[in-house]
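To start, the structure under review is shown below, and the notes come after it.
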Amino acid sequence: MEPVSPGPLPEAASPVGGAPAAALGQRPRWRKLLYIRQDYPDNYVDKSFLKLMKRNVNVRQLDYWDVVCETFRVSQQLSVTVIFVAAFLHLDSGSVPSVTGLIAGSCAISACLAITSAALFFTMLLGLTPILKNLTENISSDSIWFMAIVMLLANLLFHDYGSGSSTHTRFPDSLSINAAMFSAVLLASQLESNNDVFGLMLLAVQLFALFPILRRSMRAWHHPSVFWDGFFTVVLVIFAVALLLPISHASVTFYTAAIAFVTFFCPYMLVSIQKYKSEIRGPWDEAVIGH
Amino acid sequence: MVSDFFYPNMGGVEGHIYHLSQRLARRGHKVVVVTHRYGGRVGVRYLTSGVKVYHVPHWLVHDQVSLPTLYGFFPLFRYIVVRESIDVVHGHQAFSAMCHEAILHARTMGLRAVFTDHSLFGFEDTSSILTNKLLKFTLSDIDHVICVSHTSKENTVLRASLNPLHVSVIPNAVVCAEFTPDPSMRDPKKSKAGYFASVVAPADSFRHVRLVNSVTIVVASRLVYRKGIDLLVAVIPAICQEFPQVQFVIGGDGPKRVELEQMRERFVLQDRVQLLGAVNHSDVRDLLCQGHIFLNTSLTEAFCIAIVEAASCGLLVVSTRVGGVPEVLPDDMIMFANPEEGDIIRAMRAAIGTIKENAVDPFEIHRRVSNMYSWTDVAARAEEVYRCAMEMPAVGLAERLLRYNGCGVFAGKLAAMIMAVDFIIWMLLDE
């Protein structure tokens, strides 16, 4: 590679197509123009070379704790997924009576929706429950687990973490909700009783469809949003740990380690690699239309 | 001369290669143009001045760019180079895969390589990052680079980590004899003779007496986002409202044409905004001569040959201040605006005012532009670059491997391997 700026190479020092350098004193100053013929070689490099280049003008310095607060949304979605899976495992093993989930679900949904639409929703879901239960009878359980895991990962991947508005969510968010509902259907079809299926589907609707809306509106309603984000995160983490504890201690360890990684280590890495950032701007950039 | 872009395709690069080849041939050099096939046009063709054009059969991927095969083109390329006893290989345009491959093979064969960059790239989006990496690879081992403006030089030096002394700035040019002003074409409906008299007569005696009634603004560009058509859509209704005697003629086609048509419908400007669609290159002069003012709203431009053509036709130019445009014309022939609606309207207001005072003499502008840019001058300067490239010391295989290795931590190794394989293929071909 040839050096960018230091020390011109000896063979390049001879000017290309121009007067010898001796007359430098009398010559008019070089100007960055093409329409006049200047008494300088075509490969002349003026002092003003790259003067208009700007580096890192739009880069804002990230504060570690700000980034930590931003990661709360990721932790929340992660916890929501873990809670959902834990609830499924409890229902599947029969350690929790399905009536509990049913009641909890009904209350929350009724609170969120108007009474009429809530009634419609319940009837629909209740009617669909037997179908859902038998839906994947012919498919091996291994395929179900695999697909459910992939769909839950897709939910985590495409969730709209960024935009704060509850009306203009970005496209992949719908993909995220659909993936989560698909995995809910898959898991629900593995359950034994109609009540369990109904309860799990309710929980899925709440956690993946309605809860993000609630979080967004809370964030919009209360500034600074850090308070609500922190509050929700703490509540969700406690819930998730409480649900995971009876299942296995290893799962609790993994879960808390993941939360710690996302909340503390990832922001640390992001902030520490900021110093390598080199953003170059100059007159060659495509102009942005201003108003 | 190697590039994917050549006639019958139309554009700035094509014209550049054509005119440069013609002028170089006229100066006694042997020039061969190598490009890919265009439709049924395969094989060797001759241009009027005896320049040979090789249309190499090659697959295309997108928009006249040949499929990058890395080595597929080498045997044919070597055949051409040996047969024509070529000394310098001159590649054009960073988009052209053929140009990159030709430079790599030329260096392997120990020839001199020169590259001309015709466009500007940012550093942000994925396509720029990829193209920049490719450019860095090709330009790791090159004798000289030519850019069309100083801004373009800064850009290229940054993109390919070059030594700025190895980069020369040689602007584009215009055949001014093909772009002569003809004010009688400006307003066919109004009295031709009277208008003409005002221009031909000494300007001072008429300047404040006879005012121009109707002002025509010409726009000629591809109708795409990069040419700032969104700005145009916003500016035209405002100008039409403010100046009832102004009309627009827009030549060119592209995806943004629909937006212009919608704007025309919404503001009921059908009789004042003419959309001509695609214009043949031979008709551009007639289009330009219909106007008093040329409006360019580009968002990025390395040189902008359109404004030079317009100025050569005696039009007052209004342009956005982007890329290399500020270097192209002196301040009294061009009015600059920032790429925003309000500022363009301000510049247009000033330009229309100047035209109304009849303060612009098209023939004077034409005379000055024809002194500024000529292909003969470009060819002479390119000749200097070739001479300088010929004087560069020959580079050994080890040194070349080291240069390619400098491309990057991983990319460097890959580049060195590609080069080494190229070398082996060359040795096989030479057997």
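The values are calculated or read from the model by the stated rules, or taken from the named source; none is laboratory data. Since the model is a prediction, treat every value here as computed from it, not as a measurement. Counting neighbours? That spans all protein chains shown, and the Cβs are built from the backbone with ideal geometry, glycine included.
Observations, loosely collected:
- Taking each residue of the stretch B:329-348 that is within 12 Å of B:Leu231 (Cα to Cα) and looking for partners that are among the hydroxyl-bearing types (Ser, Thr, Tyr) with beta-carbon atoms closer than 8 Å, six or more apart or interchain, yields B:Ala337/B:Ser319; B:Ala337/B:Thr320; B:Asn338/B:Thr320; B:Pro339/B:Thr297; B:Pro339/B:Thr320; B:Ile344/B:Thr297; B:Ile344/B:Thr320.
- Within the stretch B:292-372, strands (runs of 3 or more DSSP E) holding 1 or more residues that are surrounded by fewer than 21 Cβ atoms within 10 Å (Cβ to Cβ): B:334-337
- The set of residues in the stretch B:88-111 being surrounded by fewer than 23 Cβ atoms within 10 Å (Cβ to Cβ), under 19 Å from B:Met392 (Cβ atoms) and in contact with a strand residue (DSSP E or B) (Cβ under 7 Å, 6 or more places away or on another chain) consists of B:Val88, B:Leu111.
- Residues that are surrounded by fewer than 18 Cβ atoms within 10 Å (Cβ to Cβ) and under 47 Å from the mean Cα position of the chain (by Cα) were ranked within the stretch A:34-49; the one that is nearest to the other protein chains (Cβ to nearest Cβ) is A:Phe49.
- Within the stretch B:272-316, if we keep just the residues that are of a type in the set (A, V, I, L, M, F, W, C) and within 12 Å of chain A (Cβ to nearest Cβ), the residue that is farthest from B:Thr354 (Cα to Cα) turns out to be B:Ala302.
- Every residue from the stretch B:161-210 that is at pLDDT below 50 and outside any helix (DSSP H, G or I): B:Lys190, B:Ser191, B:Ala201, B:Pro202, B:His208, B:Val209, B:Arg210
- Count of residues meeting criterion [in a loop (DSSP other than H, G, I, E, B) and either in contact (Cβ under 8 Å) with a residue 12 or more places away in the chain or among the polar types (S, T, N, Q) (or both)] in the stretch A:129-155: 5
- Test result for B:Gly110, in contact (Cβ under 8 Å) with a residue 60 or more places away in the chain and at positive phi: yes
- Some residue of the stretch B:116-139 being touching a residue at least 24 places away in the same chain (Cβ under 8 Å), crowded, with 21+ Cβ neighbours inside 10 Å and farther than 28 Å from A:Arg281 by Cβ: no
- Among the helices (runs of 4 or more DSSP H) confined to the stretch A:184-291, the ones with at least 3 residues that are modelled with pLDDT under 90 and on the phi < 0 side of the Ramachandran plot are located at A:194-204, A:211-221, A:226-244.
- Residues that are touching a His at 6+ places or on another chain (Cβ under 9 Å) and either assigned to a strand (DSSP E or B) or among the basic types (Lys, Arg) (or both) within the stretch B:38-58 comprise B:Tyr38, B:Arg41, B:Gly43, B:Val44, B:Arg45, B:His55, B:Val56, listed in sequence order.
- In the stretch B:144-161, the residues that are facing chain A (nearest Cβ under 8 Å) and under 15 Å from A:Phe49 (Cβ atoms) form Cβ pairs under 6 Å with partners that are of a type in the set (Gly, Ala, Ser) and outside any strand (DSSP E or B), at six or more places apart or across chains, as follows: B:Ser149/B:Ala302; B:Ser149/B:Gly324; B:Thr151/B:Gly323; B:Thr151/B:Gly324; B:Ser152/B:Ala302; B:Ser152/B:Gly324.
- B:Glu383 meets all of the listed conditions (1) touching a His at 6+ places or on another chain (Cβ under 6 Å); (2) closer than 30 Å to B:Glu309 by Cα but one, namely (1).
- Enumeration of residues in the stretch B:256-285 that are loosely packed, with under 14 Cβ neighbours inside 10 Å and within 24 Å of B:Cys176 (Cα to Cα): B:Ala278, B:Asn280, B:His281, B:Ser282, B:Asp283
- Selection within the stretch B:162-189: residues that are in contact (Cβ under 8 Å) with a residue 60 or more places away in the chain and within 22 Å of B:Ala113 (Cβ to Cβ). The member of this set that is farthest from the other protein chains (Cβ to nearest Cβ) is B:Asn172.
- Test: B:Pro68 is more than 9 Å from chain A (Cβ to nearest Cβ), assigned to a loop (DSSP other than H, G, I, E, B) and surrounded by fewer than 22 Cβ atoms within 10 Å (Cβ to Cβ): yes
- Only helices (runs of 4 or more DSSP H) whose full extent lies in the stretch A:64-127 are considered here, and the ones with at least 2 residues that are modelled with pLDDT under 90 and touching a Leu at 6+ places or on another chain (Cβ under 8 Å) are A:72-93, A:98-112.
- Some residue of the stretch B:13-25 being more than 28 Å from B:Glu301 (Cβ to Cβ), at pLDDT 90 or above and in the same structural domain as B:Leu76 (by TED's automatic domain parsing): yes
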